[in-house]
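To keep things clear, I will list the structure first and then write my remarks on it.
The values are calculated or read from the model by the stated rules, or taken from the named source; none is laboratory data. In this text the structure is predicted, and so the values were computed from the model without any measurement. Cβ sites come from the backbone with ideal geometry, for glycine too, and all protein chains shown count toward neighbours. For the accessible areas, the whole protein counts, side chains as well, though only heavy atoms, and no ligand, DNA or RNA atoms are used. Shrake-Rupley method; radii C 1.70, N 1.55, O 1.52, S 1.80 Å.
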Amino acid sequence: MGWNSWNSFANIVNSQIVQRQAQTLASNGMKQAGYEYVVIDEGWWLGERDAAGNIVVNAKQWPAIEPGQKDGDMANIAAYIHSLGLKAGIYTDAGQDGCSMYPDSGPKYMSTGSEGHYDQDFLQFSKWGFDYVKVDWCGGAKEKRSGAVQYALIAHAIQKAEKTTGRKLYFSICEWGSQNPWVWAPGVGEIESTIWRTGGDIIPPVVESLHDVEHDKRVITSGNVLESFEAGLHPEAQHTGYFNDLDMMVMGMRGMTDALDRTHMGLWVISSAPLMVGTDLTRLSQATLSLLTNQEALAIHNDPYGLQAIKADEPTPGIQIWAKPMAIRGRRAVAILNRTDASAQVKVDWKKLGMKGTPKSLRDVWNKRDLVALDAAVSVPAHDLALMVVDGEDEMPAEYPANQTNIIGIQAFRGPGFARLHYANTTGHVVVIRMTNSSGLSTAIALPPTVGSETDVVGLILPKGTADLSFEGQGAAIGKLDVYAW
Ligand code: GLA
């Protein structure tokens, strides 16, 4: 959770802009709500290196902030962000050239990527004090590289840098889904916890201060938000610590209405997608801010299983029931998405959410109140989204014991299914097992180390059909798998 400069500032980003956004994040309630990263996206350097290959930045763009600091040192802004109790993020590209264009459409700057300098650059980011790095794919795509290979090399450079500085550098993969990263990104390079972008950009940036013809005509539509949500649906790859990234948020930006803000927040929350707000925070309305900081919505987002929602039902075309399995037994978050032009009265069929009987309680998240009539229809306005948390009783799961190498023939015939995987991993490193299914899906599942004799549980979404889990010879002991009836 945090803020990213790209959507609202593109390549015009500089120290003053970042300071102002960080101050706002620290004082408008977002920091308290859990937004912690301030990420400087593309535009912070223009491809210049010194004779030793070190990145050189523009001294005017990144001046000293405190006495004793040097102009043109990125450590200045990282220290400033830290002084507000926040974490600092930076950006590079996996290839030689990055995407870099000013302001976002041209002219192009060459050599803004890290290829050939992976160890040097990631160590530099960490020494400057950055805690997060987003790694883009413009150069990688141009050179027709393998994402799985390059991002594994980068994961290793990050791990080396972390060892040297003792500072965690969170890895954000931005490969736009072009080489199916959900297949290889979970645990790539044995990295513990990562996110990977699943699609192209939600919008071209809207830089309000530019007032050029191009930027002035950019308006966000519900199509932008829904397409990013749909491009990100790879629930089999997502589990605790490993997340599909639906892109930076556009809440409150030009074209967004209250209903569309609710839809956007609801979909990102129920997907446990990174909440990296791309809006100019100084322009947020109270309504948008209160959605972004809605604690009950954020509790859904921060559920320890971190699963994506399953489309449980579409009772009439355009009315969709999305349900997110939660770590607490019998609990789900439910989003009712109305994609139609008319308001709708929607009655949820609880059986389709794998529940025995009617729920015990139902919470309306936007309005922070309990709903008393548990079987009544919920009213959802046109192009809006209702968000609820429901507690009830689960149907009994089917249990699959593991043998030494795999679990085969796991069945989820009604649709994507929800499962709890019990495992132990005493290897001391991340173990990547593979899930394959009858319709050709093959995805990586990363299992971080467990402590001592304790076993851990991760939630998983199984693809529709029959699936196998294989963990041959990799030292993770799978206890059993419980598969629920939805
Ligand atoms: C790509 C990424 C964006 C942003 C821009 C910068 O398009 O997907 O998120 O980082 O590059 O050019």
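Pairing residues of the stretch 250-279 that are among the aromatic types (Phe, Trp, Tyr) with residues that are part of a helix (DSSP H, G or I) and buried (at least 23 other Cβ atoms within 10 Å of the Cβ), at Cβ distances under 8 Å and at least 6 apart in sequence or on separate chains, gives Trp268/Phe229. Selection over the stretch 277-308 of residues that are within 18 Å of Tyr484 (Cβ to Cβ) and touching a helix residue (DSSP H, G or I) at 6+ places or on another chain (Cβ under 8 Å) gives a count of 2. Total residues in the stretch 1-33 satisfying the condition of being touching a Gly at 6+ places or on another chain (Cβ under 9 Å), assigned to a loop (DSSP other than H, G, I, E, B) and away from the ligand (no atom under 16 Å from the Cβ): the figure is 1. Comparison of Ile319, Ile336 shows that the only residue that is surrounded by fewer than 20 Cβ atoms within 10 Å (Cβ to Cβ) and of a type in the set (Val, Ile, Thr) is Ile319.
When Lys356, Lys311 are checked against the criterion of being out of contact with any helix residue (DSSP H, G or I) (no Cβ under 9 Å at 6 or more places or on another chain) and either of a type in the set (S, T, N, Q) or open to solvent by 10 Å² or more (accessible area, probe 1.4 Å) (or both), Lys311 stands alone in meeting it.
Kindly indicate whether any position in the stretch 68-90 is under 26 Å from Thr198 (Cα atoms) and within 16 Å of the ligand (Cβ to nearest atom).
Scanning the stretch 68-90, I find at least one residue that is under 26 Å from Thr198 (Cα atoms) and within 16 Å of the ligand (Cβ to nearest atom), so the answer is yes.
Kindly indicate whether any position in the stretch 416-434 is of a type in the set (D, E, K, R) and either part of a strand (DSSP E or B) or surrounded by 14 or more Cβ atoms within 10 Å (Cβ to Cβ) (or both). The answer is yes; a qualifying residue exists. Test Asp41 against the criterion of being open to solvent by 20 Å² or more (accessible area, probe 1.4 Å), of a type in the set (D, E, K, R) and not in a helix (DSSP H, G or I), and give yes or no. In short, no.
Every condition in (1) open to solvent by less than 40 Å² (accessible area, probe 1.4 Å); (2) away from the ligand (no atom under 15 Å from the Cβ); (3) basic (Lys, Arg) holds for Arg197 except the one numbered (2).
Out of Asp93, Asp71, report the one residue that is open to solvent by less than 20 Å² (accessible area, probe 1.4 Å), under 22 Å from Ser15 (Cα atoms) and modelled with pLDDT of 95 or more. Step through it out loud before you land on a result.
On the way: Asp71 fails: open to solvent by less than 20 Å² (accessible area, probe 1.4 Å).
Result: Asp93 is the single residue among Asp93, Asp71 that is open to solvent by less than 20 Å² (accessible area, probe 1.4 Å), under 22 Å from Ser15 (Cα atoms) and modelled with pLDDT of 95 or more.
Among the residues of the stretch 137-182, those identified as open to solvent by less than 10 Å² (accessible area, probe 1.4 Å) and away from the ligand (no atom under 16 Å from the Cβ) are Ala155, Ala157, Ile158, Ala161, Leu169. State whether one or more residues within the stretch 408-415 are open to solvent by 10 Å² or more (accessible area, probe 1.4 Å), on the phi > 0 side of the Ramachandran plot and either at pLDDT 95 or above or outside any loop (DSSP other than H, G, I, E, B) (or both). Within the stretch 408-415, one or more residues are open to solvent by 10 Å² or more (accessible area, probe 1.4 Å), on the phi > 0 side of the Ramachandran plot and either at pLDDT 95 or above or outside any loop (DSSP other than H, G, I, E, B) (or both). In the stretch 227-238, the residues that are without any contact (Cβ under 8 Å) to a residue 24 or more places away in the chain form no Cβ pair under 7 Å with any partner that is surrounded by fewer than 24 Cβ atoms within 10 Å (Cβ to Cβ) and outside any helix (DSSP H, G or I), whether six or more places apart or across chains.
Within the stretch 98-135, being open to solvent by 10 Å² or more (accessible area, probe 1.4 Å), within 13 Å of the ligand (Cβ to nearest atom) and out of contact with any Leu (no Cβ under 8 Å at 6 or more places or on another chain) holds for Cys99, Met101, Tyr102, Asp104, Ser105, Gly106, Lys108, Lys134. All of Val213, Val207 fail the test of being hydrophobic (A, V, I, L, M, F, W, C), open to solvent by 50 Å² or more (accessible area, probe 1.4 Å) and farther than 30 Å from Leu460 by Cβ, apart from Val213. Taken over the stretch 230-254, the criterion of being within 16 Å of the ligand (Cβ to nearest atom), farther than 18 Å from Ile191 by Cα and out of contact with any His (no Cβ under 8 Å at 6 or more places or on another chain) is satisfied by Ala231, Gly232, Leu246, Asp247, Met248, Met253.
Kindly provide the set of residues from the stretch 284-319 that are small (Gly, Ala, Ser), within 18 Å of the chain's Cα centre (by Cα) and outside any loop (DSSP other than H, G, I, E, B), ordered by number.
In the first step, residues of the stretch 284-319 are kept if they are small (Gly, Ala, Ser); the result is 285, 287, 290, 297, 299, 306, 309, 312, 318.
Within this subset, residues satisfying the condition of being within 18 Å of the chain's Cα centre (by Cα) are 297, 299, 306, 309.
Those that are small (Gly, Ala, Ser), within 18 Å of the chain's Cα centre (by Cα) and outside any loop (DSSP other than H, G, I, E, B): Ala297, Ala299.
Among what's in the stretch 44-60 and is on the phi < 0 side of the Ramachandran plot and within 16 Å of the ligand (Cβ to nearest atom), pick the residue that is surrounded by the fewest Cβ atoms within 10 Å (Cβ to Cβ).
Initial filter on the stretch 44-60 (on the phi < 0 side of the Ramachandran plot): 44-46, 48-52, 54-60.
If we keep only those that are within 16 Å of the ligand (Cβ to nearest atom) too, we end up with 44-46.
Values: Trp44: 24, Trp45: 23, Leu46: 18.
Taking the candidates together, the pick is Leu46.
Residues considered: Gly330, Gly354. Of these, the only one that is at pLDDT 95 or above and of a type in the set (Gly, Ala, Ser) is Gly330. Among the residues here, Thr288 qualifies as more than 27 Å from Phe171 (Cβ to Cβ), open to solvent by less than 20 Å² (accessible area, probe 1.4 Å) and not aliphatic (A, V, I, L, M). In the set Leu281, Leu267, only one residue is under 18 Å from the mean Cα position of the chain (by Cα) and open to solvent by less than 30 Å² (accessible area, probe 1.4 Å); that residue is Leu267. Evaluating His301 against the criteria (1) in contact with a strand residue (DSSP E or B) (Cβ under 8 Å, 6 or more places away or on another chain); (2) on the phi < 0 side of the Ramachandran plot; (3) open to solvent by less than 60 Å² (accessible area, probe 1.4 Å) leaves one unmet condition, (1). With respect to being farther than 30 Å from Asp303 by Cα and not small (Gly, Ala, Ser), Leu46 fits the description.
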